[in-house]
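Trainee: This is the structure I want to talk about, given as structure tokens.
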Amino acid sequence: MISFDRVSKRYAEGHDALREVSVNIGKDELVFITGHSGAGKTTLLRMIMLMERPSRGQVLVDGQNLANIGSRGIPRHRRNIGVVFQNHRLLLDRTVFDNVALPLVIAGHDHREVGRRVRAALDKVGLLKRERAMPVTLSGGEQQRVGIARAVVGKPKILLADEPTGNLDPGLSAEIMQLFEEFNQVGVTVLIASHDLALISRLHHRIITLRDGRLVAGGKS
Amino acid sequence: MIGRLKATRSVPGGRREGASQSRTGLRDRYQAWLQHHRLSAADSMTRVIDNPVSSVMTWLVIGIALALPTGLNVALDNVSQLSSSWDSPAQISLFLQDGVSDDRARQLQAELDERPDVAETRFVSREEALDEFRTLSGFADVLASLDSNPLPHLILVSPAGAAAQSAALALREDLQAYPDVAQAVLDMEWLQRLNSLMELSRRLVLAVGGLLVVGVLLILGNTIRLAIESRREEIVIVKLVGGSNAFVRRPFLYTGLWYGVGGGVFAAVLVAASLWFLRQPISELAGLYQSEFRLRGLGVMGGLNLVILGGLLGLAGSWLAVARHLADIQPR
Ligand SMILES: Nc1ncnc2c1ncn2[C@@H]1O[C@H](COP(=O)(O)OP(=O)(O)OP(=O)(O)O)[C@@H](O)[C@H]1O
Ligand SMILES: [Mg+2]
């Protein structure tokens, strides 16, 4: 589903964020990416959604070489990928409902369909009752779950999450991870960047480890 | 961008769904596209109305900028209507050759009277002219000392039809060609002066109008730029979850449209109000001159055109801003 072929990324300042990373991730997989701060986890995820392009090497997503996707093709590409951001990135002046509806409105679904699917997604993350709340009135964990609902509401093939449990207590973190596992069970490829080694090593999924931009473990599936 | 979806209150719950890629039909897409237009239009309108002070300021600025050239143009239209309502001022003076006799001159006058493009003629014989000159000029002594009359016969010709300047000019050319005519002089210099003055004013209005249109574009562009700036984070998020440039652009184009349309309405109201303000003194003035002159306003079509022009300028201005600034906003 996702494959990196000797991908390097050098930022303008000359810093190498990724060096010769090769990795294959299958369609049914849930994979954790770990490594010290600055190891290149975020950079790797950003490449998959074309927020960044490799300096060298190739990235294939769903059989398509990302080098062949021009700037006009980026929106369509991103609609197939759900993303959970570390800092939620919710629209603070819109309700929970409107935030979750955003990908569907962008994809151009009819508003009945939008209502139905947004509620299904909110139900899944246990926030159906808060659909009319504003994001600032929610706790950090709830905001993160709104972000997850928004990421999955468009039924993407791929789900990316960057530190989704970054500042949550262990109980909540485990719940969120369980949510990701459920999505993975219905066929979504899930890729999660996380520091929380204690948590992820308990979950028996593949773990990719990066160190200074190099892949040091978990490269082969 | 996303539009407020509060109206959506249907089917709570919903069934559990697999993660299969969803397909939307072309028809559904079209309807969704229409719906996003509606949402963007309504959302932009709400934002405009939610900030009444700054919106009214923008409308007023655009309105004044559009009203100025429009008002001047209406004034010019009225002046040209007034000048064309005056009786034909043109008169052609035919000075005959020296040797032409009285009888020949009268015969010529009769001939000219037959012409369809001549309304009226008057014959002034050289003797009459000399008498007139003698009494009017006060050069009686000098004239008495002349042994012959230096003045030629004169026929005054009024062209038929109203003040069609070209017709009068053509007639003058024709008359000049008569062998008995020494010189045909068309006396309409003042009309030409008025016309060239009008032409000059029209060009000035056009130039001022052009400058103000550029000003309106800049104002709108700047207003939209600020709107884009204040929603930067929202734009980033929309792009991150797959919003196309067209999707991001749409609400800002509508914002520009609403500002422009509102400005056009303000301009029409301003022009109508100032005409109403002038109506009373002008009709009094016209009464003094026993004139039928009535001030001609913008009319419904004129007002509508102004609103449409405002809307187009709004779209153009926001397009400029959007083209310049939206591409710069990329997710980091
Ligand atoms: N836009 C950028 N310009 C320049 N350097 C960057 C940029 N983004 C990241 N980097 C650098 O690339 C390296 C990898 O960054 P990245 O964000 O991928 O690390 P990370 O593994 O996600 O770290 P963390 O766990 O702290 O989030 C870092 O050294 C960082 O300073
Ligand atoms: Mg990171």
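Trainee: Here is a list of conditions, (1) within 14 Å of chain B (Cβ to nearest Cβ); (2) modelled with pLDDT under 90, and A:T165 meets all of them except one; can you say which number that is?
Mentor: Of everything listed in (1) within 14 Å of chain B (Cβ to nearest Cβ); (2) modelled with pLDDT under 90, A:T165 misses just condition (1).
Trainee: Kindly evaluate B:L218 against the criterion of being within 25 Å of A:R79 (Cβ to Cβ), more than 14 Å from chain A (Cβ to nearest Cβ) and over 17 Å from the mean Cα position of the chain (by Cα).
Mentor: Spelling it out, it is not the case that B:L218 is within 25 Å of A:R79 (Cβ to Cβ), more than 14 Å from chain A (Cβ to nearest Cβ) and over 17 Å from the mean Cα position of the chain (by Cα).
Trainee: Still on this structure, please answer the following. Counting only residues that are without any contact (Cβ under 8 Å) to a residue 60 or more places away in the chain and either away from ligand 2 (no atom under 16 Å from the Cβ) or under 13 Å from the mean Cα position of the chain (by Cα) (or both), which one in the stretch A:155-167 is surrounded by the fewest Cβ atoms within 10 Å (Cβ to Cβ)? Lay out the reasoning, then the answer.
Mentor: From the stretch A:155-167, those without any contact (Cβ under 8 Å) to a residue 60 or more places away in the chain are A:155, A:165, A:167; that's our starting set.
Retained after the next criterion (residues that are either away from ligand 2 (no atom under 16 Å from the Cβ) or under 13 Å from the mean Cα position of the chain (by Cα) (or both)): A:155, A:165.
On the way: A:K155: 22, A:T165: 24.
Per the criteria, the residue is A:K155.
Trainee: Another question, if that's okay. From the list B:D113, B:D102, B:D87, which one is at negative phi, modelled with pLDDT under 85 and surrounded by fewer than 18 Cβ atoms within 10 Å (Cβ to Cβ)?
Mentor: Just one listed residue meets the conditions, B:D87.
Trainee: Right, another one. Considering each residue of the stretch B:39-82, count those that are among the polar types (S, T, N, Q) and within 14 Å of another protein chain (Cβ to nearest Cβ), and give that number.
Mentor: Total satisfying the criteria: 3.
Trainee: For the stretch A:81-101, indicate whether the set of residues that are among the acidic types (D, E), crowded, with 20+ Cβ neighbours inside 10 Å and either away from ligand 2 (no atom under 14 Å from the Cβ) or in contact (Cβ under 8 Å) with a residue 40 or more places away in the chain (or both) is non-empty.
Mentor: Yes - at least one qualifying residue is present in the stretch A:81-101.
Trainee: So how many residues does the stretch A:117-140 have that are in a loop (DSSP other than H, G, I, E, B), free of Cβ contacts under 8 Å to residues at least 40 places away in the same chain and more than 9 Å from chain B (Cβ to nearest Cβ)?
Mentor: 5
Trainee: Spot the failing condition for A:A12; the list is (1) assigned to a loop (DSSP other than H, G, I, E, B); (2) aliphatic (A, V, I, L, M); (3) closer than 14 Å to A:T189 by Cα, and only one is missed.
Mentor: (3)
For every residue, the table says whether it meets (1) among the β-branched types (V, I, T); (2) touching a Gly at 6+ places or on another chain (Cβ under 6 Å); (3) crowded, with 20+ Cβ neighbours inside 10 Å.
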| position | (1), (2), (3) |
| --- | --- |
| A:K27 | no, no, no |
| A:L30 | no, no, yes |
| A:A39 | no, no, yes |
| A:L45 | no, no, yes |
| A:M51 | no, no, no |
| A:Q58 | no, no, no |
| A:V61 | yes, no, yes |
| A:N65 | no, no, no |
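Trainee: Sticking with this structure for a sec: Which residue out of A:R72, A:R78 is at pLDDT below 95 and either surrounded by fewer than 21 Cβ atoms within 10 Å (Cβ to Cβ) or small (G, A, S) (or both)?
Mentor: A:R72
Trainee: Would you confirm whether any residue within the stretch A:188-207 is in contact with a Gly (Cβ under 9 Å, 6 or more places away or on another chain), within 14 Å of chain B (Cβ to nearest Cβ), away from ligand 2 (no atom under 16 Å from the Cβ) and over 14 Å from A:I33 (Cα atoms)?
Mentor: yes
For every residue, the table says whether it meets (1) among the hydrophobic types (A, V, I, L, M, F, W, C); (2) more than 16 Å from ligand 2 (Cβ to nearest atom).
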| position | (1), (2) |
| --- | --- |
| A:E20 | no, yes |
| A:I25 | yes, yes |
| A:S37 | no, no |
| A:T43 | no, no |
| A:R46 | no, no |
| A:E52 | no, no |
| A:S55 | no, yes |
| A:Q58 | no, yes |
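Trainee: With the condition being within 13 Å of ligand 1 (Cβ to nearest atom), I'd like the helices (runs of 4 or more DSSP H) fully within the stretch A:19-116 carrying at least 2 qualifying residues.
Mentor: Numbers: elements: A:41-48, A:74-79, A:96-107.
Of the helices (runs of 4 or more DSSP H) lying wholly inside the stretch A:19-116, those with at least 2 residues that are within 13 Å of ligand 1 (Cβ to nearest atom) span A:41-48.
Trainee: Listed residues A:S194, A:S173; which is modelled with pLDDT of 90 or more, of a type in the set (S, T, N, Q), under 16 Å from the mean Cα position of the chain (by Cα) and farther than 22 Å from A:V114 by Cα?
Mentor: A:S194
Trainee: As an exercise: evaluate A:G219 against (1) under 15 Å from the mean Cα position of the chain (by Cα); (2) within 16 Å of A:K27 (Cα to Cα); (3) more than 14 Å from every other protein chain (Cβ to nearest Cβ) and give the number of the one condition it does not meet.
Mentor: Only one criterion in (1) under 15 Å from the mean Cα position of the chain (by Cα); (2) within 16 Å of A:K27 (Cα to Cα); (3) more than 14 Å from every other protein chain (Cβ to nearest Cβ) is unmet by A:G219, namely (1).
The values are calculated or read from the model by the stated rules, or taken from the named source; none is laboratory data. All figures in this text were calculated on a predicted structure; none of them were measured in a lab. Cβ atoms come from the backbone with ideal geometry, glycine included; neighbour counts cover every protein chain shown.
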